[in-house]
Amino acid sequence: AGVTRFAPGDRVVAFHHIPCLNCFYCERKIYAQCPVYKKVGITAGFEPAGGGFAQYVRVMSWIVERGVEKIPDGVSFERATWVEPLNTCLKAVVQSNPQPGDLVLVMGQGPIGLMFTMLANRSGARVAVTDTIEERLGISARCGAGFTWNPRKVDIAAATRKITAGRGADLVMVAASVPGIVEQAIACSRPGARILLFAQTSVTERFEASGADLCAGERTLFGCYSASVDLQKESTDLVFYGGLPLEELISHRVPLVKIRSGFDLALHPGPKSLKIIVQPQRWL
Ligand SMILES: [Zn+2]
């Protein structure tokens with residue numbers, strides 16, 4: 001009721017988090033901290049945060065107003081699943097502000113890290129990436145990485161310095177959460193570099209940095225989380241029309257009844273597993 005922008009049968013993609021645009025944090029464009037933003041706005045139940053893995057979901061009013069985009073003809077639902085995750089990556093890349101010629105080191109080449117690789121490459125920077133899963137590094141190269149390193153085989157800090165006249169990376173984007181990775185990111189960065197933490201969402205995760213690396217080394221360590229409503233149009237256009245090789249990132253498709261196997265795969269990724277798509281309208 002009261003919906004005028006959409007008609008039955010329209011194919012749409014809906015964001016699950018959308019800010020109020022009216023609070024202390026929204027006024028400062030720190031949307032992910034907005035209380036309304038924190039409420040999941042797509043639900044398979046009767047309340048927000050009632051789950052989303054269902055054949056039919058309810059999209060709450062504030063999402064319908066600001067967080068639903070039509071999918072154009074010729075663009076698949078599968079491609080449209082990238083609109084929200086790409087937005088989160090674009091937000092981080094915009095905040096990181098890589099410059100043409102910079103050396104950007106992306107640590108971790110899961111789906112998020114691979115999108116960082118695509119977007120950093122698009123900015124004109126040189127991109128080096130790391131992952132311990134060898135199969136992913138081939139995909140990284142097709143997504144724009146000029147240097148692909150397995151940290152179990154390569155001294156990443158030495159390799160980074162070797163291609164930056166001994167300085168280190170201008171920007172490091174940390175897209176994996178394993179012990180020691182933030183320390184390694186700092187070790188790979190040049191003085192004055194920016195180091196983005198994108199996967200460090202756990203309240204129990206700890207890392208150590210020397211005061212000198214940050215203070216005398218003038219490095220900026222910063223976090224970025226979730227999507228920006230200001231980048232919704234740009235991220236939607238990029239997914240629909242931007243020619244990004246996002247199809248490379250889908251490794252599995254599971255029907256709703258086999259969703260447990262999808263979660264198992266996501267929790268214990270094999271050499272080939274990346275993005276796992278749940279197909280709610282498919283039964284077997
Ligand atoms: Zn707000």
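Which one of the conditions (1) within 16 Å of the ligand (Cβ to nearest atom); (2) farther than 18 Å from residue 227 by Cα does residue 29 fail to meet, given that it meets all the rest?
Here residue 29 clears every test but (2).
In the list 180, 138, 146, which residue meets the criterion of being surrounded by fewer than 22 Cβ atoms within 10 Å (Cβ to Cβ), over 27 Å from residue 251 (Cα atoms), modelled with pLDDT of 95 or more and out of contact with any Gly (no Cβ under 7 Å at 6 or more places or on another chain)?
Working: 138 fails: over 27 Å from residue 251 (Cα atoms); 146 fails: over 27 Å from residue 251 (Cα atoms).
Among 180, 138, 146, only 180 is surrounded by fewer than 22 Cβ atoms within 10 Å (Cβ to Cβ), over 27 Å from residue 251 (Cα atoms), modelled with pLDDT of 95 or more and out of contact with any Gly (no Cβ under 7 Å at 6 or more places or on another chain).
Residues that are open to solvent by 30 Å² or more (accessible area, probe 1.4 Å) and under 20 Å from residue 83 (Cα atoms): does region 201-208 have at least one? Quick ask: steps written out before the conclusion?
At the first step, the residues of region 201-208 found to be open to solvent by 30 Å² or more (accessible area, probe 1.4 Å) are 201-208.
Next, only the ones that are under 20 Å from residue 83 (Cα atoms) stay: none.
No: region 201-208 contains no residue that is open to solvent by 30 Å² or more (accessible area, probe 1.4 Å) and under 20 Å from residue 83 (Cα atoms).
Does residue 56 meet the test of being open to solvent by 70 Å² or more (accessible area, probe 1.4 Å) and in a loop (DSSP other than H, G, I, E, B)? Steps first, answer last, please.
Details: open to solvent by 70 Å² or more (accessible area, probe 1.4 Å): yes; in a loop (DSSP other than H, G, I, E, B): yes.
Considered against the rule, which asks whether it is open to solvent by 70 Å² or more (accessible area, probe 1.4 Å) and in a loop (DSSP other than H, G, I, E, B), residue 56 comes out as yes.
Being away from the ligand (no atom under 11 Å from the Cβ), in a loop (DSSP other than H, G, I, E, B) and of a type in the set (Val, Ile, Thr) is the filter here; which residues of region 1-26 pass it?
3, 4
Considering every residue within region 48-64, establish whether at least one is within 20 Å of residue 234 (Cα to Cα), more than 13 Å from the ligand (Cβ to nearest atom) and in contact (Cβ under 8 Å) with a residue 12 or more places away in the chain.
yes
Could you please find all residues in region 22-52 being open to solvent by 80 Å² or more (accessible area, probe 1.4 Å) and under 25 Å from residue 223 (Cα atoms)? Steps first, please.
Initial filter on region 22-52 (open to solvent by 80 Å² or more (accessible area, probe 1.4 Å)): 22, 24-25, 27-29, 35, 38-39, 46-47.
Matches in region 22-52: 22, 24, 25, 27, 28, 29, 35, 38, 39.
Looking at (1) open to solvent by less than 60 Å² (accessible area, probe 1.4 Å); (2) in a loop (DSSP other than H, G, I, E, B), which one does residue 213 not meet, given that it meets all the others?
(2)
So is residue 186 in a helix (DSSP H, G or I) and farther than 19 Å from residue 216 by Cα or not? Write out each step before concluding.
Numbers: in a helix (DSSP H, G or I): yes; farther than 19 Å from residue 216 by Cα: no.
Criteria not met by residue 186.
Just the residues that are part of a helix (DSSP H, G or I) and in contact (Cβ under 8 Å) with a residue 24 or more places away in the chain, please, taken from region 241-274.
So the first thing to find is which residues in region 241-274 are part of a helix (DSSP H, G or I), and the list is 241, 246-249, 256-267.
Answer for region 241-274, where residues must be part of a helix (DSSP H, G or I) and in contact (Cβ under 8 Å) with a residue 24 or more places away in the chain: 246, 247, 248, 249, 256, 257, 259.
Please work out which residue is nearest to the ligand (Cβ to nearest atom), limiting yourself to region 32-47 and to residues that are out of contact with any helix residue (DSSP H, G or I) (no Cβ under 7 Å at 6 or more places or on another chain), in a loop (DSSP other than H, G, I, E, B) and closer than 15 Å to residue 227 by Cα.
Only one residue fits best here, namely 39.
The values are calculated or read from the model by the stated rules, or taken from the named source; none is laboratory data. These numbers come from a predicted model, not from an experiment. Cβ: placed from backbone, ideal geometry, glycine included. Neighbour counts: every protein chain shown. What goes into the accessible areas is simple: the full protein's heavy atoms, side chains included, and nothing from ligands, DNA or RNA. Shrake-Rupley method; radii C 1.70, N 1.55, O 1.52, S 1.80 Å.
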